[in-house]
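Below: the structure, in structure tokens.
The values are calculated or read from the model by the stated rules, or taken from the named source; none is laboratory data. These numbers were taken from a predicted model, which means no experiment stands behind them. A quick note on method: Cβ atoms are made from the backbone with ideal geometry, for glycine too, and the neighbour counts reach across all protein chains shown. These area figures cover heavy atoms from the full protein model, side chains too; ligands, DNA and RNA do not enter into them. Shrake-Rupley method; radii C 1.70, N 1.55, O 1.52, S 1.80 Å.
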Amino acid sequence: MKCRICRKKAAVKLPSHNTAFCKEDYLWWFQKNFRRTVKRFRMFKAGDRVLVGVSGGKDSLALWRLLVEIDLEADGLYIAQGIGHDELPYSDLGEDACREMAGKLGRPLKVVRVLAETGASVPELEGILRRKICSSCGLTKRYLMNREALEGGYDVLATGHNLDDEIAMLFANVLTWDLQRLAHQSPVSPQRGPKLIKKVKPLCHFSEREVLAYTMLSGIRTMREDCPHARGATSIKHKELFSRLERDSPGSKRRFYKEFLRNREIFEQAKPPAELAYCHRCAMPTTNEVCSYCRLLHRVAASKEEVHDGPPKPRKIEPEPASPAPSGLCG
Amino acid sequence: MKIRYGTERWEKDRRMVVWRILEEREINPETVIVAINGEVVTEDDFAQPGDDVEIVRAISGG
């Protein structure tokens with residue numbers, strides 16, 4: 001198989017685009033399409049300061065490098081969740097990969113530790129909150145990323161969600177016809193009020209495989225280990241389902257997502273964004289009196305008091321609505 | 001040739017086209033990138049005896 005541009009031996013075959021590229025032309029194609037997505041969705045303005053949520057995985061590290069390459073002032077934020085053990089120190093491996101990339105790019109990396117912020121690591125939160133671990137992971141990441149972007153004076157928060165992440169989320173929302181979430185899903189979430197920062201997903205049109213090829217061909221060292229808590233996750237099952245569809249009918253994933261974006265106004269009109277209030281405790285945006293993160297802090301503090309006071313008493317815990325964890329940013 | 005896929009390891013002693021290596025293990029080519037001796041290749045390339053074949057899984061989650 002030959003490269004479509006130079007006719008040399010191809011390194012990457014892209015059935016969804018009915019084409020193939022050699023190493024040099026693949027990197028050129030990837031960067032060109034990255035710039036096109038950024039421009040099309042008006043993700044950044046000249047002079048914007050960008051905070052990139054990095055996990056040490058392929059998507060976020062590729063994104064960080066690409067943003068720096070287009071001359072944006074892009075700094076990294078790593079949220080250490082305290083996941084892993086001696087044999088697979090997952091969070092430590094992710095942090096190492098992020099630190100290495102920060103050094104190569106010459107950009108600062110801020111590390112925020114969930115244990116220091118909440119009094120418990122994410123695996124400990126599972127026991128305290130009696131919620132699935134991915135739910136606590138997503139909640140803490142969303143809150144801390146927004147807070148750090150605000151406190152650091154950044155204009156935009158960028159995350160490494162790719163096409164497969166977006167498709168998996170879209171499919172889950174379609175399965176339940178969750179109009180609120182369908183209305184909310186977008187490559188760009190504009191700033192709402194003074195405290196909910198603009199969020200962008202510049203890799204949303206690249207498949208996981210395309211991003212992986214980019215990192216391998218450009219020599220980016222990433223953490224290849226999967227989160228030990230992601231085994232059997234519904235999002236992975238959905239991704240595998242769509243990959244089978246893609247193998248039999250190349251371009252299916254891209255069409256599904258593109259047509260959604262073309263029609264997503266229907267959902268926005270049906271379910272306009274909920275009115276934002278501000279948390280009575282931390283003053284961050286929420287739709288309730290007290291935000292989910294402050295409720296989490298309260299529950300952690302209560303669990304520590306129970307330990308000091310003796311054996312825990314049985315108590316009824318109100319079920320909280322499950323929310324899909326933002327993919328690709330576990331740490 | 002030595003083949004790696006995540007924590008799995010196996011060997012083949014004959015020349016093989018990459019798509020056949022994937023097919024034998026029921027690996028969907030849409031979910032992986034393959035490197036032979038560190039060089040990224042397409043499913044139509046051949047691996048020779050003595051080569052180091054790495055199959056890298058693209059799908060991740062969390």
* Compute for chains A and B the buried accessible surface, both sides summed, probe 1.4 Å, and express it in Å² to the nearest 100. => 2300
* Structure fact -> Rg from C-alpha atoms of chain B, normalised by the globular rule of thumb 2.2 N^0.38 Å, equals 1.03
* To do: Report A:R264's accessible area, 1.4 Å probe, all protein chains in place, as a number in Å² to the nearest 10.
  => 30
* Asked: If the convex hull of the alpha-carbon atoms of the protein assembly as shown is projected onto planes in all directions, what is the mean projected area in square nanometres?
  -> 21.0
* Roughly how many nanometres apart are two label points built 7 Å out from the Cα toward the Cβ at A:H17 and A:L175? -> 3.0
* Subset of A:K2/A:K45; A:K198/A:K271; A:K8/A:K201; A:K8/A:K39; A:K32/B:K2; A:K195/A:K304 violating a 28 Å alpha-carbon distance limit -> A:K2/A:K45; A:K8/A:K201; A:K8/A:K39; A:K32/B:K2; A:K195/A:K304
* Asked: B:T7 to A:V290: FRET efficiency via 1/(1 + (r/R0)^6), r the Cβ-Cβ distance, R0 41 Å, to the nearest 0.05?
  -> 0.40
* **Contour minus Cα-Cα distance for A:R36 and A:A116 (0.36 nm per residue)** => 24.8 nm
* Whole-angstrom gap from the stretch A:31-46 to the stretch A:233-281, using each part's C-alpha centre -> 20
* For chain A, calculated [θ]222 nm from helices alone, where every DSSP H run of n ≥ 4 adds -39500 (n - 2.57) -> -15500 deg cm²/dmol
* Across chain A, where is the longest run that never hits GluC sites (Glu not before Pro) in a DSSP loop with at most 12 other C-beta atoms within 10 Å? -> A:88-274
* **Low-density loop positions, trypsin sites (Lys or Arg not before Pro), the stretch A:6-42 - DSSP coil, at most 13 other Cβ in 10 Å** => A:R7, A:K8, A:R42
* **Förster radius 41 Å - calculated FRET efficiency between A:E306 and A:V188, Cβ distance, rounded to 0.05** => 0.40
* Asked: How many percent of Cα pairs in the stretch A:1-127 exceed 20 Å?
  -> 58
* Considering only DSSP beta bridges with both partners in chain A, what is the antiparallel share in %, to the nearest 5? -> 35
* Does the stretch A:152-195 come out rounded, prolate or oblate by the C-alpha gyration tensor, with a ≥ b ≥ c the root eigenvalues, rounded set by a/c under 1.5 and, if not, prolate when a/b is larger than b/c and oblate if not? -> oblate
* Asked: Radius of gyration and Dmax for the stretch A:153-239's Cα atoms, expressed in Å?
  -> 15.1, 41
